[in-house]
Structures are given as structure tokens and as C-alpha cells.
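For reference, the structure discussed in these notes is given below.
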Amino acid sequence: MDKVISAEQAISDIRDGATLAVGGFGLCGIPSTLIATLHAAGVTGLQVVSNNCGVDDWGLGILLSDRRIVRVTGSYVGENKEFARQYLSGELEVELCPQGTLAERLRAGGCGIPAFFTPAGVGSQIADGGLPWRYAADGSVAVASPAKEVREFGGVPHVLEEAIRTDFALVAAAKGDRHGNLVFDQTAQNFNPLCAMAGRVTIAEVQELVEPGELDPAGIHLPGVFVQHVVHAPDVEKRIEKITVTEVSA
């Protein structure tokens, strides 16, 4: 049951063209060690599901800048200029999804629920179709989102959303044991557990590695049944996405 291996061993089965669910929110709780190891391995053609795609020089942004990513399903893309350039020039396919819907699509995938209805997106291009997924080099729309089924429940229209399952999931936890039981720190708890559930093979980097039995069972955020590999990453650089300074008068 000891699932601890090196980062290089953990990502060795990820091949060109793989689908990845990657945890984190902005630069908070991202599996930066695993991303850097994957970048060093030269894997390309990746299809990524993540709330956002990092920034230009950190997180998923380092894979994007080297054109290792061909498709992104996410909610927020406003902090990455290279992302915008690749998308608008037709180099990158992008499926935008409401944030809560994305979270539920990942959770549903991990729970074996193939699809669900939600009111989010009704009356917009999310439901009606036509969102540009990929542009052509001349600026025309090469691939557009399809229309989705809409059905009423209690007199309220809802749109059908399909669950997400990926080949692999990369997540980051504050603490974990050798069996893969994980504890996430505050905001990092939002997308990391859901991505871990959605991956057929889940790799978790943990900042603090403890022995089985040391974690309070009531405090575990994700049980080890969802985790196949654990990587100990104690010295992770934590960057701040936007630094703000408050002036204090004397």
C-alpha cells in the first residue's frame, strides 16, 4: 500500500496526447513539482482540464509557453497573455465552462455519474452553442461549441452537462500519508479533490509526508482510494499571483 515514488517515476506513464486534470486555483495549491517534472520529460500534445492555465512563467504556463498543451477546458484565462495569443491565433483549442459547472463535471466523473442538469448557462452560448473553441489562422471560427440539451425541472430550464474523466490527475496537498490519504490547505481544497477524483490515475504531490495512522480520519479531505501515486515535495516555491501593497500613514 506504500504509494510513495519519485516525481520522475510518477509521471513516466504520461504519454503525448494524454488528458490531464490539474488541481489548483490561480497559483494557489498547484502541483508545481509535477508540472515541472512533466515539462522536463518533454511530453506534448496534452489536453488539460483546470480552473485556469497558470501565468506566463509559472504553473501550467510553462507547458503552454513551450506549446506542450493543445486543448484546455477551464473557467478563467485572464492572467496569461501567451494563452490569449495562442487561442486567438488558432494554436490552442479552448472550452470555457462556468466555474461551478466545471467543479461538478469533475466530481461527477469521479463518482461515476455520466451527466447532470444545471441551470447555469441556460440562455447563453453555453447551452445554445457557437462559442469559439478554436480559431482558424484567418480569425474565423474553425471549431465551435455544440448546442446542449435543455430540459425543464420544476418550471426552470436546465442544461445537460457531461462529466469529465481524464487519463491522469495532478494534484497538490499540504499533507498526505503513504497510503494516499490527503489533507489540503484552505483554498487549495477547492479543485484539487475534484481533479483527483476525475483522474483514472491520480498523482499527488504532498508538502508534508506522514506515516499511515498519523492523520486524523475525520480531517482527511480525500481518501487514498482516489490516489495511485504520492510524491514528497517538501520545498515547493509558492508564488503570489498579484502582489498588492497597502500604504499606512505614520
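The values are calculated or read from the model by the stated rules, or taken from the named source; none is laboratory data. Since this is a predicted model, take the numbers as computed values, not measurements. Don't worry about glycine lacking a Cβ; one is built from the backbone with ideal geometry, like all the others, and counts go over all protein chains shown. SASA here: full protein model, heavy atoms, side chains in, ligands and nucleic acids out. Shrake-Rupley method; radii C 1.70, N 1.55, O 1.52, S 1.80 Å.
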Within the group Ile203, Ile164, which residue is within 20 Å of Leu46 (Cα to Cα), at pLDDT 95 or above, assigned to a loop (DSSP other than H, G, I, E, B) and open to solvent by less than 30 Å² (accessible area, probe 1.4 Å)?
Ile164
Every listed condition ((1) open to solvent by 10 Å² or more (accessible area, probe 1.4 Å); (2) under 27 Å from Thr101 (Cβ atoms); (3) in contact (Cβ under 8 Å) with a residue 40 or more places away in the chain) holds for Asp13 save (2)
Are any residues in segment 102-154 in contact with a helix residue (DSSP H, G or I) (Cβ under 7 Å, 6 or more places away or on another chain), part of a loop (DSSP other than H, G, I, E, B), open to solvent by less than 70 Å² (accessible area, probe 1.4 Å) and among the hydrophobic types (A, V, I, L, M, F, W, C), and if so, which ones?
Ala120, Leu131
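When you check Ala196 against the structure, is it among the aliphatic types (A, V, I, L, M), in a helix (DSSP H, G or I), within 27 Å of Ile14 (Cα to Cα) and in contact with a strand residue (DSSP E or B) (Cβ under 6 Å, 6 or more places away or on another chain), yes or no? So that I can check it myself, show each step before the final result.
Details: among the aliphatic types (A, V, I, L, M): yes; in a helix (DSSP H, G or I): yes; within 27 Å of Ile14 (Cα to Cα): yes; in contact with a strand residue (DSSP E or B) (Cβ under 6 Å, 6 or more places away or on another chain): yes.
Taking the combined requirement at face value, the residue satisfies it.
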Do any residues in segment 198-216 that are within 14 Å of Leu20 (Cβ to Cβ) have Cβ atoms under 9 Å from those of residues that are surrounded by 24 or more Cβ atoms within 10 Å (Cβ to Cβ) and among the basic types (Lys, Arg), where the two are at least six apart or on different chains, and which pairs are they?
Ala198/Arg105
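Give me the residue from segment 39-62 that is modelled with pLDDT of 95 or more and under 27 Å from Ile243 (Cβ atoms) and, out of that set, surrounded by the most Cβ atoms within 10 Å (Cβ to Cβ).
First pass over segment 39-62, keeping only residues modelled with pLDDT of 95 or more: 39-50.
With the extra rule that they be under 27 Å from Ile243 (Cβ atoms), the set shrinks to 39, 48, 50.
Values: His39: 16, Val48: 22, Ser50: 26.
Looking at the filtered set, the residue picked out is Ser50.
In the list Ala115, Ala103, which residue meets the criterion of being touching a residue at least 60 places away in the same chain (Cβ under 8 Å) and within 26 Å of Phe226 (Cα to Cα)?
Values: Ala115 fails: touching a residue at least 60 places away in the same chain (Cβ under 8 Å).
The match here is Ala103.
Out of the residues in segment 226-250 meeting the condition of being among the β-branched types (Val, Ile, Thr) and under 19 Å from the mean Cα position of the chain (by Cα), tell me which one is modelled with the lowest pLDDT. Don't jump to the end; show me each part of the working.
Step one: of segment 226-250, the residues among the β-branched types (Val, Ile, Thr) are 227, 230-231, 236, 240, 243-246, 248.
Those still in the list that are under 19 Å from the mean Cα position of the chain (by Cα) too: 227, 230-231, 236, 240.
Values: Val227: 97, Val230: 98, Val231: 97, Val236: 79, Ile240: 72.
It comes out as Ile240.
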Residues satisfying the stated conditions in segment 44-77, i.e. under 19 Å from Glu205 (Cα atoms) and of a type outside the set (S, T, N, Q)
Val48, Val49, Cys53, Gly54, Trp58, Gly59, Leu60, Gly61, Ile62, Leu63
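Based on what the data block shows, is Val94 assigned to a strand (DSSP E or B), touching a helix residue (DSSP H, G or I) at 6+ places or on another chain (Cβ under 7 Å), in contact (Cβ under 8 Å) with a residue 24 or more places away in the chain and over 22 Å from Phe226 (Cβ atoms)?
Working: assigned to a strand (DSSP E or B): yes; touching a helix residue (DSSP H, G or I) at 6+ places or on another chain (Cβ under 7 Å): yes; in contact (Cβ under 8 Å) with a residue 24 or more places away in the chain: yes; over 22 Å from Phe226 (Cβ atoms): yes.
Yes.
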For segment 167-186, give me the residue count where each residue is at pLDDT 95 or above, outside any strand (DSSP E or B) and open to solvent by 60 Å² or more (accessible area, probe 1.4 Å).
2
Looking only at segment 79-91, and only at residues there that are of a type in the set (Gly, Ala, Ser) and not in a helix (DSSP H, G or I), the one that is farthest from Ala198 (Cα to Cα)
Ser89
Kindly indicate whether Ser124 is hydroxyl-bearing (Ser, Thr, Tyr) and more than 25 Å from Ala188 (Cβ to Cβ).
yes
